[in-house]
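Take a look at the structure below.
The values are calculated or read from the model by the stated rules, or taken from the named source; none is laboratory data. Quantities reported herein were computed from a predicted structural model and do not represent experimental measurements. Neighbour counts run over all protein chains shown; Cβ positions are idealised from the backbone, glycine included. Just the protein is used for accessible areas: all its heavy atoms, side chains included, with ligands, DNA and RNA removed. Shrake-Rupley method; radii C 1.70, N 1.55, O 1.52, S 1.80 Å.
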Amino acid sequence: MTAGSSGSAGTISGKAKIAGVMGWPIGHSRSPRLHGFWLRQYGIDGAYVPLAVAPERAEQAIRALPALGFRGCNVTVPLKEIAFRTVDRLDGTARRMGAVNTIVVAEDGALEGGNTDGFGFIENLRAEQPDWTAERGPATVIGAGGAARAVVVALLDAGAPEVRLVNRTRARAEELAADLAAVGLGSGVAVVDWVSRETALDGASLLVNTTTQGMAGQPALELSLRALPASAVVNDIVYVPLETPLLAEARTRGNPVAGGIGMLLHQARPGFKAWFGVEPQVTPDLTRFVLEG
Ligand code: ATR
């Protein structure tokens, strides 16, 4: 790591550029560590701080960003939909996802909302499995929560011919499919019953777990991979542990795999560039540092 050009590493001046991450709770967020690593690496006079903001005060806090001189902030659970409703301008991706994870305070003081979760998801897959392309075939997505929403929009935007949506609670998958249809993305989405989930693996070129199953302290995702082609890429967005039971099984049967930590690292790039003016790199040193925290 290089020493900061603005003084000793980690020291900020009165001119420092300020950004942060807003969520509730926020103590577990790895984003301050992630952006802090880049700020030190690139010697930037700036800070990226955790902002613990309760949902009922989120609108007020977001509106205050320009007055406080913030360059912007990331927004995490459970505030992404509130941010979506609060910002002055939305980019097309955030509009399609119905959620904002990155706010930039524009020159005129307006709040610009974007969503980089899908970008992070796709960039991670490309980095881990460079031969993978969305156009290659059907993608099967397990789960229908906020993470699934970003993943499905990103896959359809990237050219996936079909997304098979499988969720324990079918109504939630149908709600997601209906929301996607409302923004013109409905045609390639098929909802599959939880009990028939293994049939959704037949002929798939990508399998993504967006549920909490397989996370440390949670049971493994109950899913037999028998019907999944050996060439299909298997991605788990869970990254604690780095190798979930799903990824371990996929690796054992010879499928190409991609872990979840890269999605977090890559989603951070556009915000860092917008607030601090440097295009940051995702490197093994960064990954190690973020995981150590
Ligand atoms: P996130 O915003 O991170 O995606 P979420 O909105 O809480 O989190 O969604 C969690 C996902 O994990 C949901 O798809 C949920 O399924 P339900 O809609 O049926 O609740 C899924 N999930 C959680 N526990 C699960 C379990 N035991 N088996 C299968 N899916 C589960």
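Accessible area ranking (1.4 Å probe, heavy atoms, ligands and nucleic acids excluded), largest first, for SER196, SER231: SER231, SER196. Per-residue extension of 0.36 nm, minus the Cα-Cα distance of GLU198 and ALA182, leaves a gain of 3.0 nm for this segment. When only alpha carbons are used to place a centre, region 180-259 and region 154-173 end up 11 Å from one another. Shown here for region 114-156: chymotrypsin sites (Phe, Trp or Tyr not before Pro) in loop regions (DSSP other than H, G, I, E, B) with at most 12 other Cβ atoms within 10 Å, of which there are none. Which GluC sites (Glu not before Pro) from region 9-117 combine a DSSP loop assignment with at most 13 other Cβ atoms within 10 Å? Those satisfying the criteria are GLU107. Fully extending the segment from ALA127 to LEU291 would add 57.2 nm, taking 0.36 nm per residue of separation and subtracting the current Cα-Cα distance. To the nearest ten degrees, helix 146-157 and the longest principal axis of the Cα atoms of the chain are 80 degrees apart. Counting only protein heavy atoms and using a 1.4 Å probe, the accessible area of ASP131 comes to about 130 Å².
When all protein chains stay in place and ligands, DNA and RNA are ignored, the 1.4 Å accessible-area order of HIS266, HIS35, HIS28, largest first, is HIS28, HIS266, HIS35.
Normalised per residue, the accessible area of the chain is 44 Å², obtained with a 1.4 Å probe and no contribution from ligands, DNA or RNA. In the chain, a dipole from Cβ-located charges (positive for Lys and Arg, negative for Asp and Glu) runs towards its positive end, and of SER231, GLY146, ASN101 it is ASN101 whose Cα lies farthest in that direction. Here is the P(r) of the chain: all C-alpha pair distances, binned every 10 Å from 0, give 6, 28, 34, 22, 8, 1 in whole percents. In a DSSP loop and with at most 15 other Cβ atoms within 10 Å, the trypsin sites (Lys or Arg not before Pro) in region 1-105 are LYS15. Within the full protein context, the accessible area of ARG269 is estimated at about 40 Å² for a probe radius of 1.4 Å. Using just the helices of the chain, give the 222 nm mean residue ellipticity in deg cm²/dmol: DSSP H runs with n ≥ 4 each add -39,500 (n - 2.57), and the total is spread over all residues, rounded to 500. Helix-only estimate at 222 nm: -10000 deg cm²/dmol.
Please list, ordered by chain and number, the residues whose modelled amide H lies under 5 Å from the amide H of LEU90; skip anything fewer than 5 residues away on the same chain. When sequence neighbours closer than 5 places are left aside, the close amide H contacts are GLY113.
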